[in-house]
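One structure is given here, and the rest of the page talks about it.
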């Protein structure tokens, strides 16, 4: 009989060792030392139950639980919360968010038989796995083809829209916004999606740390809980709309030919002409983050050519 798989997400290696000794004969165990690694393992494997520690750096267990339960693809996986500092308040919060059970680590290691019974009572009979589309390579080629067609006609806004729609369809993105940067100030070019944050603009965006960090470092970022990780923009509004995860990607002032000649690498001194924000109600895996960041940055070299045509014609 195939062993059921339990994913343990806990930053303490000693807990991994103890649980392996306790459960290793009866279950297939997988271990993650942080929340993002846990998300990546859920995406790669069929999981019957997640055993989640609350006290973790960066994204805590409670915050990860909140993001998982917002995720329409993952929230059917049972999550059992454990903690070294159990309180009634934490237990109520965990169960309100959707945890199937709540146990202290002291209970786990001193009541093995009862703990296993509680595990077995919550295990899924058939493991759940998040399946990322395997068509992204074909989808990327189609998006590039459509944007290259726009480059012939010189329609910058249409190219941005085709990029947005393509990414929304391929990666279940709920909201995308394109921004330009002039004299260090952002302005909205285009926003698409059914769940659009309202009452925001350049002034509000400039007060967001995520924007300031992106403009300063010229590097993309990812967060699977913008409010807790302090990385996303319009975090409170996004939570209200169910947009639990976000990726921000810079757009550079470099054309496709120069980019290709430079070995598909953006020179460090290259300034930004804009950036893209992607939000959705599902967590992002590391693989998705890398794919999307690389693709949007590369596609941005085509957009830069169209951007120059548009604004030079208006000058």
- residue 287 label point, 7 Å along Cα→Cβ, cut-off 20 Å on backbone N: hits in the range 43-58? 43-50
- 222 nm [θ] for the chain, helices only, -39500 (n - 2.57) per DSSP H run of 4+, per residue, to 500? -14500 deg cm²/dmol
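Using the C-alpha atoms of the range 184-295, what convex hull volume per residue, in cubic angstrom, is computed?
110 Å³
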- State log₁₀ I(q)/I(0) for the range 86-245 at q = 0.19 Å⁻¹ as given by the Debye formula over alpha-carbon point scatterers of equal weight, solvent excluded. -1.30
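Which FRET efficiency, nearest 0.05, do residue 87 and residue 213 yield, Cβ-Cβ r, R0 22 Å? Spell out each step's value before the answer.
Details: r = 34 Å, r/R0 = 1.53.
FRET efficiency, residue 87 to residue 213: 0.05.
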- Task: Provide the FRET efficiency to the nearest 0.05 for the residue 76-residue 18 pair, computing r from the beta carbons and using R0 = 25 Å.
- Result: 0.30
- Query: Over the alpha carbons of the range 1-128, what is the largest minus smallest coordinate on each principal axis, giving the biggest first in Å?
  - Reply: 34, 32, 25
- Model label zone, residue 126; criterion: amide N under 20 Å from point 7 Å along Cα-to-beta-carbon; scope the range 1-45: 1-7, 28, 42-45
- Roughly how tilted is helix 112-122, in degrees to the nearest 10 and between 0 and 90, from the longest Cα axis of the chain? 50 degrees
- Give me the orientation-averaged projected area of the Cα convex hull of the chain, in nm², one decimal. 18.3 nm²
- Item | Angle between the chain longest axis and helix 136-153 axis [Cα atoms, degrees, rounded to 10] | 20 degrees
- Provide the gained length on full extension for the span residue 172 to residue 230, in nm with one decimal, where the gain is 0.36 nm per separating residue minus the Cα-Cα distance. 18.6 nm
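Since every read-out is calculated from the coordinates, none of them should be taken as a lab result. In this text the structure is predicted, and so the values were computed from the model without any measurement. Reconstructed Cβ throughout: ideal geometry from the backbone, glycine too, with neighbour counts over all protein chains shown.
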